[in-house]
Amino acid sequence: MPDGAATSGTAAEGATTFTHVKPGDTEWRSDGLRDFFLYKDLGVEKATGGKVLAQLVKANKAPEKGTGWHRHEAQFHIVIMTKGWAKFMYGDQETLVSAGDCVHQRPGIVHYLYSYSPDMEYLEIVAPADFKTIDVEASCAVPNPDPWR
């Protein structure tokens, strides 16, 4: 548990615990799924015994190739854009996700995040926490990313 994070109770098998993580309790890290993003753990994975992951994700480097076509093996996955914007392909559908938007990525949906703003930041909530990411064949052509100015 991060320094300063509040917890209470002892988790029995399958139980969850209370947690309260403040902005300074965890550091941004660069060892997440994508090397062009930074990740901040919100303490939910530990508090739920791995049932749910909640993390902040933000842009760290300008988009070059994006995420590539992939899907997640997860039961639940939402993205809530808190700052900036990101452009996704969901199948052959271009989708602009802007600050304030919430996207429910249904289980198994094939997608590709290909562009994002320098200030992009989103909250990601996924169950289970140890979800898998599976690369897949291209569904269609993907637009070029927008250059950062």
Accessible surface of the chain [probe 1.4 Å, protein heavy atoms]: carbon and sulfur percent: 51
Heavy atoms of Asp146: accessible area, 1.4 Å probe, square angstrom to 10: 50
Solvent exposure, largest accessible area first (probe 1.4 Å, DNA, RNA and ligands not counted), of Val97, Val21: Val21, Val97
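Return one whole number: the accessible area per residue of the chain in Å², for a 1.4 Å probe.
Normalised by residue count, the accessible surface of the chain is 56 Å².
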Segment 37-93, relative contact order [Cα under 8 Å, separation at least 6], %: 27
Accessible area (Å², 1.4 Å probe, nearest 10) - Ser98: 40
GluC sites (Glu not before Pro) restricted to DSSP loop in segment 36-75 with at most 16 other C-beta within 10 Å: Glu64
Phe76 accessible area, 1.4 Å probe, all protein chains in place, Å² to nearest 10: 80
DSSP-loop GluC sites (Glu not before Pro) across segment 107-149, with at most 14 other Cβ within 10 angstrom: Glu137
Filter on Lys83/Lys132; Lys22/Lys65; Lys51/Lys87; Lys46/Lys83; Lys22/Lys58; Lys65/Lys87 - keep pairs with C-alpha separation over 23 Å: Lys83/Lys132; Lys22/Lys65; Lys51/Lys87; Lys46/Lys83
Dipole of the chain [Lys/Arg +1, Asp/Glu -1 at C-beta], most positive-end residue of Ala47, Pro23, His72: Pro23
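The values are calculated or read from the model by the stated rules, or taken from the named source; none is laboratory data. Keep in mind the model is a prediction, meaning the values are calculated, not measured. All Cβ positions, even for glycine, are placed from backbone atoms using ideal geometry, and neighbour counts span all protein chains on display. What goes into the accessible areas is simple: the full protein's heavy atoms, side chains included, and nothing from ligands, DNA or RNA. Shrake-Rupley method; radii C 1.70, N 1.55, O 1.52, S 1.80 Å.
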